[in-house]
Amino acid sequence: MHWNKHSRGVMRPLTAPVAGLPESVADARPVTVLIVEDDPDLAYLLGRLLAREGFATIEANDGKRAAELIEQTAHVDLALLDVMLPYRDGFSLIDPIRARWPDAAVVMLTARINERDIVKGFKCGVDDYIGKPFQPAELIARVGRHLRKRKKTSA
């Protein structure tokens, strides 16, 4: 059974299978995505999109809360980060994420899509950089691709 944890700390079961992962892997533990997004409407949409695909989500609405969750959360499979956040930008969260969860994929989802920021993201160690506005189906496909890739390399 899969669970979805909202920023209010409420958890509820998910019934959908985890997209693109074998059932044996999906049943071992929920695939968890950390969403770091300061726009509450977009954070809600991302949470719903990912939950519909069977992913558990943990949400932070600013860089400070994200840093706390990085310290407190045992496992995350993928982090979805905005760049422009209150208190701390998304770039500054990449190193703590990599230190805490070395096998987690890191995907930037941001309106900052100029070449300098994209290159900075990749130099900081992100696995993917997606500009806003984004296509929901493409986002889900990219998330699934990164998770499948991580499962193959860790197996």
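Phi-derived couplings, Karplus 6.51 cos²θ - 1.76 cosθ + 1.60 at θ = phi - 60°, listed residue by residue for the stretch 136-149: x, 5, 5, 4, 4, 5, 5, 4, x, 4, 5, 5, 5, 4 Hz, with x used for Gly and Pro.
Taking 20 Å as the cut-off, the amide N atoms of the stretch 69-93 that come nearer than this to a point 7 Å along the Cα-to-beta-carbon line of Thr153 belong to 75-81, 91-93. Amide H contacts for Glu59 (H built 1.01 Å from N in the peptide plane; partners 5 or more residues away or on another chain; cut-off under 5 Å): Ser7, Ile35.
Karplus-derived 3J(HN,Hα) values for the stretch 70-85, using 6.51 cos²θ - 1.76 cosθ + 1.60 with θ = phi - 60°, are 4, 6, 8, 8, 5, 8, 9, 8, 8, 10, 10, 10, 7, 8, 8, 10 Hz; glycine and proline are entered as x. If the segment from Glu138 to Ile113 were pulled out straight at 0.36 nm per residue, it would be longer than the present Cα-Cα gap by 7.3 nm.
A simple count of charges around Leu42, restricted to other residues whose Cβ falls under 15 Å of its Cβ and scoring Lys, Arg +1 and Asp, Glu -1, yields -4.
Read-outs: derived from the displayed coordinates by stated rules, not from any lab. Just so it is clear, the structure is predicted and the values come from calculations on it, not from any experiment. With ideal geometry, Cβ positions are generated from the backbone for all residues, glycine too; neighbour counts draw on all protein chains shown.
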